[in-house]
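These notes are about the structure you will find just below.
The values are calculated or read from the model by the stated rules, or taken from the named source; none is laboratory data. Given the structure is predicted, the values throughout are model-derived calculations rather than measurements. Cβ sites come from the backbone with ideal geometry, for glycine too, and all protein chains shown count toward neighbours. Keep in mind that these areas ignore ligands, DNA and RNA; they rest on the heavy atoms of the full protein, side chains included. Shrake-Rupley method; radii C 1.70, N 1.55, O 1.52, S 1.80 Å.
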Amino acid sequence: MPPIEIIAHRGASRERPENTVAAFTRAVELGADGIELDVHLSADGVLFVHHDAVPHDAPSPALAHRDIRSMTLEELSAFRVGGQPIPTLAQVIEAIGDRLTVYCELKGPGTADAAVRLLEKRGSAAAVHAFDHRQVAVARRLAPALARGVLEASYHIVPTDSMASVDARDLWQAAELIDLEMVDAVHARGGRLIAWTVDDPSMMRQLAMLGVDALCTNDVALCRSTLGH
């Protein structure tokens, strides 16, 4: 099989609480090539790494059912995910150093500006992507050299149309929708196809034979052994 990049979905989330420093450092230990994470902006302008806009298990009634963007750094620092703090993007970057690529999903509104300022200094070891392609367009305007991707959960008539709209390098595509026609179309425009989220060995092998460029997975060890990395 050709070399395929292995991206740890929210870190090594099969072994550690997702989107925590523990999950990301474990992904490094397991030999992942990259990590995928989600960011939201706090009320005082700090990027936090968390999937949901409203964190669960609030440490006090006053913080329950509140959106990340309504809380401050101090308030968010009291939350725990599986016993681990909700990290800032800066803390994750510091923890992993330059050992692998950071793929940052612009999950919360208005996160592009703060994200690109932290990530563009990593050069080719960072990229941004989003379901909200308007945020990717903002990232393009602010940091045109930073790699960009578009997230898709549907199959467009022309698979690369959304990539072209923001001059994206990467198409993040729901794995079950990927076929050879899509792979060829993405490669024909010089792009990369990243399959998400793949935890089944037979699907890993099938996508590898189709020629995808990267697999985003919750199980880095399984992916490595399946692909022979």
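Overview of results
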| item | result |
| --- | --- |
| When residues of the range 179-229 are limited to those that are of a type in the set (Ser, Thr, Tyr) and free of Cβ contacts under 8 Å to residues at least 24 places away in the same chain, the one nearest to His9 (Cα to Cα) | Ser225 |
| Any hit, the range 182-203, residues being acidic (Asp, Glu), open to solvent by less than 10 Å² (accessible area, probe 1.4 Å) and closer than 29 Å to Pro17 by Cβ | no |
| Filtered residue count, the range 54-70, keeping only those that are aliphatic (A, V, I, L, M), open to solvent by 40 Å² or more (accessible area, probe 1.4 Å) and within 23 Å of Gly110 (Cα to Cα) | 1 |
| Hits in the range 37-53 (condition: hydroxyl-bearing (Ser, Thr, Tyr) and open to solvent by 20 Å² or more (accessible area, probe 1.4 Å)) | none |
| Sole exception among (1) assigned to a helix (DSSP H, G or I); (2) within 22 Å of the chain's Cα centre (by Cα); (3) of a type outside the set (Val, Ile, Thr) for Leu37, by number | (1) |
| Matching entry among Gly11, Gly34 (being open to solvent by less than 20 Å² (accessible area, probe 1.4 Å), farther than 19 Å from Ser124 by Cβ and in contact with a Phe, Trp or Tyr (Cβ under 6 Å, 6 or more places away or on another chain)) | Gly11 |
| Residue within the range 14-24 that is under 20 Å from Ala112 (Cβ atoms) and open to solvent by less than 30 Å² (accessible area, probe 1.4 Å) present | yes |
| Residue in the range 73-89 that is farthest from the chain's Cα centre (by Cα), counting only those that are open to solvent by less than 50 Å² (accessible area, probe 1.4 Å) and touching a residue at least 40 places away in the same chain (Cβ under 8 Å) | Val81 |
| The range 182-205: number of residues that are aliphatic (A, V, I, L, M) and either part of a loop (DSSP other than H, G, I, E, B) or at pLDDT below 95 (or both) | 1 |
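Quick grid of which residues meet (1) among the hydrophobic types (A, V, I, L, M, F, W, C); (2) out of contact with any Asp or Glu (no Cβ under 8 Å at 6 or more places or on another chain); (3) on the phi > 0 side of the Ramachandran plot:
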{"residue": "Thr20", "(1), (2), (3)": "no, yes, no"}
{"residue": "Thr25", "(1), (2), (3)": "no, yes, no"}
{"residue": "Asp33", "(1), (2), (3)": "no, no, no"}
{"residue": "Gly45", "(1), (2), (3)": "no, yes, yes"}
{"residue": "Asp52", "(1), (2), (3)": "no, yes, no"}
{"residue": "Pro55", "(1), (2), (3)": "no, yes, no"}
